[in-house]
Amino acid sequence: MDALKIRHANAMPAPTWGWLRMNDTQIEIPMSLAPGGSMEVDAEDRLFDHAMSFEGAVAELQARLDAARATANEGSAGDDRACVRAALAENAARNVAADGAAEMPGTAKTAETAESGSANAPAADLELPALSRYQKRAALEEAALDVATAFETGIGADARAYLNFLARETMVLAAAKDTQERSTIRVEAETGEAAAASIDVVAAPGSTFDLVIALDATAAMGAEDNATAALAGTTLRVFAGSHARVNVTVYALGTPAAMLLDDEGYVLDEGARVNVRHVVLGGELTVTGLAADVRGDAARLDIDTRYLASGSEQRDFNYVVRQRGRKTVSNMNANGVLTGTSKKVLRGTIDLVHGCKGSEGSEQETVLLASEGVDNKTVPTILCDEDDVAGNHGATIGHVRPEQLFYLESRGVSAKAAEALFIRAKLEDAALSAPDERIRASVLRLGEALIPGFTDDIDAPKEDAA
């Protein structure tokens, strides 16, 4: 089957786990899917009358950062660390070599010259360290202090380009200073359709913005193969202004023949607070990616992920939080259940960048492996280039032990029924905490497909109370 392949999706910043082939993934989108589906927006008209775009907000932040850096570096050489000098020197040498090769086409002065420099290249500094490709890129980013260039989304640029193509245009929702706003966006696709939304959210200083996104794709499995029959996705950029509050909730719900893509990127200004909640329950393949630039001092990002995978479903998560401001805080918490022969990879990276003194980062996952056929990969990583910081990570992976199953079976609960108990608990939690009735109805629909009678059971207490 022909497919559009998005390579190196959900990639971690550094190839830490590349040797185990867990550093990224590949997304294959069937070429048979046609742009379609629906996108519904529930928002006040004033949110569209925006005076500031995402790019404009980033440019304004950049101007303030440049002014602050100029003041701090006045009378000094600026960032004179050896790693920065090494990266700049290597770039300079390669530029000189490239210029020389351009002047004399057809000569052998190419890669060898780029490595060794030339007569006109800067003199070698024996104190400069050798840098890996990742270290060089990181050092150049820090030296440039360019917010727009450093901005990224979790799944990656190729996935964002594809989702932007499907969406056709980007919708901008902007909250004015010191206001409270909310919006709900639903993206739905059916058999043979691929639907997406491209969203920018700009929260002005002191504002509060609550955003709910519902991804839903419904399709039956094909008669000939198990190809994905529907796709729903969203690509989201969020700018949280000074002391703004942004709360984002994403529900990913789909039938076993659906693909769901959730691509997100955040920029946090000084004192901003961002809370992200991901509830991933359905879909044959779900890919969730989030990248955050915690740029402002005293900014905070909290991520809470709840997921369920049953049957042969796959879940792929990637979280990258770069803490650049001083006294910033980030927390990643994930809790999930895997049953059947499902697979899950969760990559979590906290990057404590040079200059983020007093910052703290923490990541924790709890996953229950409810059957022997599941495949779980938890990939926590902390990168650190600063002292006076705290980074913590951990994972609790629990199995249902044979003696526990024996105990349940001795009480009349079969292994299949026990597995259904774990699925039911995750679905009930999602239904009870659903932001609105339509999302709750979708959760109940999924629960009914997995556990016959689920809807009657969860609604029974309300009827009794009445």
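Give the residues of segment 355-377 that are farther than 25 Å from residue 324 by Cα, assigned to a strand (DSSP E or B) and of a type in the set (S, T, N, Q), sorted by residue number. Talk me through it step by step, then tell me what you get.
We begin by selecting, within segment 355-377, every residue farther than 25 Å from residue 324 by Cα; these are 366-377.
Remaining after also requiring assigned to a strand (DSSP E or B): 366-369, 375-377.
Within segment 355-377, 366, 376 meet the criteria.
Between 434, 420, 441, which is out of contact with any Lys or Arg (no Cβ under 7 Å at 6 or more places or on another chain) and either assigned to a loop (DSSP other than H, G, I, E, B) or at pLDDT below 90 (or both)?
Values: 434 fails: out of contact with any Lys or Arg (no Cβ under 7 Å at 6 or more places or on another chain); 441 fails: either assigned to a loop (DSSP other than H, G, I, E, B) or at pLDDT below 90 (or both).
Result of the check over 434, 420, 441: 420.
Hey, can you tell me all the residues within segment 330-350 that are over 16 Å from residue 397 (Cβ atoms) and surrounded by fewer than 19 Cβ atoms within 10 Å (Cβ to Cβ)?
331, 340, 341
If I filter segment 422-431 down to residues being among the hydrophobic types (A, V, I, L, M, F, W, C) and surrounded by 16 or more Cβ atoms within 10 Å (Cβ to Cβ), which single residue comes out as farthest from residue 250 (Cα to Cα)? Show your work before the answer.
Of segment 422-431, the ones among the hydrophobic types (A, V, I, L, M, F, W, C) are 422-423, 425, 427, 430-431.
Those left that are additionally surrounded by 16 or more Cβ atoms within 10 Å (Cβ to Cβ): 422-423, 427, 430-431.
On the way: 422: 22, 423: 19, 427: 15, 430: 11, 431: 13 Å.
That would be 422.
Name the residue that is nearest to residue 147 (Cα to Cα), counting only residues in segment 69-89 that are part of a helix (DSSP H, G or I) and open to solvent by 60 Å² or more (accessible area, probe 1.4 Å).
Initially, segment 69-89 is screened for residues part of a helix (DSSP H, G or I), giving 69-72, 82-89.
Restricting the remaining residues to those that are open to solvent by 60 Å² or more (accessible area, probe 1.4 Å) gives 69-72, 85, 88.
On the way: 69: 13, 70: 16, 71: 18, 72: 18, 85: 21, 88: 19 Å.
Among those that are part of a helix (DSSP H, G or I) and open to solvent by 60 Å² or more (accessible area, probe 1.4 Å), it is 69.
Does residue 321 satisfy being touching a Gly at 6+ places or on another chain (Cβ under 8 Å) and surrounded by 24 or more Cβ atoms within 10 Å (Cβ to Cβ)? Lay out the reasoning, then the answer.
On the way: touching a Gly at 6+ places or on another chain (Cβ under 8 Å): yes; surrounded by 24 or more Cβ atoms within 10 Å (Cβ to Cβ): yes.
So residue 321 fits the description; yes.
State whether the residues of segment 42-65 include one that is among the basic types (Lys, Arg) and without any contact (Cβ under 8 Å) to a residue 12 or more places away in the chain. Reasoning before the result, please.
So in segment 42-65, the residues among the basic types (Lys, Arg) come out as 46, 64.
Add one more test, that the residue is without any contact (Cβ under 8 Å) to a residue 12 or more places away in the chain, and what stays is 64.
Yes, segment 42-65 contains at least one residue that is among the basic types (Lys, Arg) and without any contact (Cβ under 8 Å) to a residue 12 or more places away in the chain.
The values are calculated or read from the model by the stated rules, or taken from the named source; none is laboratory data. Predicted model only: the values in this text are computed from it and were never measured. All Cβ positions, even for glycine, are placed from backbone atoms using ideal geometry, and neighbour counts span all protein chains on display. In case anyone asks, the SASA skips ligands and DNA or RNA and just uses the protein heavy atoms, side chains included. Shrake-Rupley method; radii C 1.70, N 1.55, O 1.52, S 1.80 Å.
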